[in-house]
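We did not get these values from a lab; they are worked out from the coordinates using the rules stated. As the structure is a prediction and not an experimental result, all values here were calculated from the model. We place every Cβ from the backbone using ideal geometry, glycine too, and count neighbours over all the protein chains shown.
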Amino acid sequence: MPDELEQRLRDSLRAYADLVDAPQSDDLPTPSAAGTTPRPTVRRWRTAVLSAAAVAAVVSWSFWLVTSDDPGAESTASSAVGAAESGTALSEQPREGDSAAAAQDAAGSVLSVPASPSVGVAYAVDLHTHCGVLGLEIGGIWFAADPPLVEEGAHPPPGWDEPDQHGTVTLMSADEAVFTDDAGHEVRLRSTGEPVRPPFCE
Amino acid sequence: MLVALSAGEVEAVDQPVAVGAEWDVALIDLYRAQRLPLLRLAVLLTDDPATAEDVVQDAFVALQRRWHAVDPAAAAGYLRTSVVNGVRTLFRRRGVARRHLHAVGPEDVPSADLAVLLTEEHREVVEALRTLPRRQREVLVLRYWSELSEAEIAEALGIARGTVKSSAARGLASLQKQLGDRRAR
């Protein structure tokens, strides 16, 4: 009976899958062109990101002018703004100083984002996952995972390394970033506008 | 935990990748070969062709972004894992949105149900499959449609082989019971 069930499951899955026809469009997906493909029920967050980068950057910059007492943080925000406003989102290479800054800690085990990250550049990073996937500090600003990925007991979901997951983070605009890794995870991160991270779980 | 930075260890940092970098021939070939199977896999996991298309496209965009660091021989597996994770992330995000926003967004409206086109025998199986916990369904789809081994499923889902085995057994037992109950009615 189990063999019969397995065969029936195989046949039904095949029949169901065969109902999916080959897509008519053969366009290659890109972050900027994805909105042109037939994906009607999903928000196209990426398509608007780069064109809105300058607007978001101005808002962030204004926020920091008004609220920040920390000249270092203000400088960081301004540098991210500069990258977005100058339209360097897709092709800019990291500045030499940034590359030098993006390095390991004294223990040689944890990578973090340089102090002045550029938009559109993937930086190697170790995302801290000990309490779940909560977010990442980028350029002195806390970017919160959207949504946070936290399993019961304050752990990351299955498939995530703990306490850190190695991958890359790419700043898509002054207030949005994406973390990806070789395991296929992809986490969207949104700026909280503050250099404050959530308290640790322990 | 993020820590203070020190200079001088630049070698440890990945090469930067422009998001809008050109696709090379191998990646285009992979896209053409894998797009439909991945789309079908995503439909088997989501029941929604439009969502499936979105997840698959996101997987390819993520792969393009990481193409410099991915072994081409392992790229198909990377994409498969990316699709499964993409589906999970999507469902989780919708769950969070429902809990916090108490509203149904346009992305929550399913496409027309493809399963209505199936014969009754197959439709019964698909409907029973939909009632399973997400992990059991993922395991059964990867085992009986993708024809992956336990080890490959464990790697794709990021879970232990024992969990694959127990999820498959529970899923099959549940299907057996449901299909038996339907037949008895």
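Near A:GLY135, the amide H atoms lying under 5 Å from its own belong to A:ALA145; only residues 5 or more places off or on other chains count, and H is placed 1.01 Å from N. Taking other C-beta atoms within 10 Å as the exposure proxy, B:LEU117, A:LEU171, A:LEU189, A:LEU149 rank B:LEU117, A:LEU149, A:LEU189, A:LEU171 from fewest upward.
Residues whose amide H falls under 5 Å from that of A:VAL121, counting only those 5 or more places apart or on a different chain, are A:LEU171, with hydrogens built in the peptide plane. Across region B:148-163, computed HN-Hα scalar couplings (Karplus, 6.51 cos²θ - 1.76 cosθ + 1.60, θ = phi - 60°) run 7, 7, 4, 4, 5, 5, 4, 5, 5, 9, x, 10, 6, 4, x, 5 Hz from first to last residue, x flagging Gly and Pro.
Each of B:ARG88, A:ARG10 was scored by other Cβ atoms within 10 Å of its Cβ. Listed from fewest to most, they are A:ARG10, B:ARG88. The label-point distance for A:ASP18 and B:LYS165, in a model that sets each label 7 Å from Cα toward Cβ, rounds to 3.4 nm. Residue exposure proxy: B:LYS165, B:LYS177, ordered by other Cβ atoms within 10 angstrom of their Cβ from fewest to most, comes out as B:LYS177, B:LYS165. Between B:LEU114 and B:ILE28, the contour length at 0.36 nm per residue exceeds the alpha carbon distance by 28.1 nm. Scanning residues 5 or more positions from B:TRP23 or on other chains, none has an amide H under 5 Å from its amide H, with H placed 1.01 Å from N in the peptide plane.
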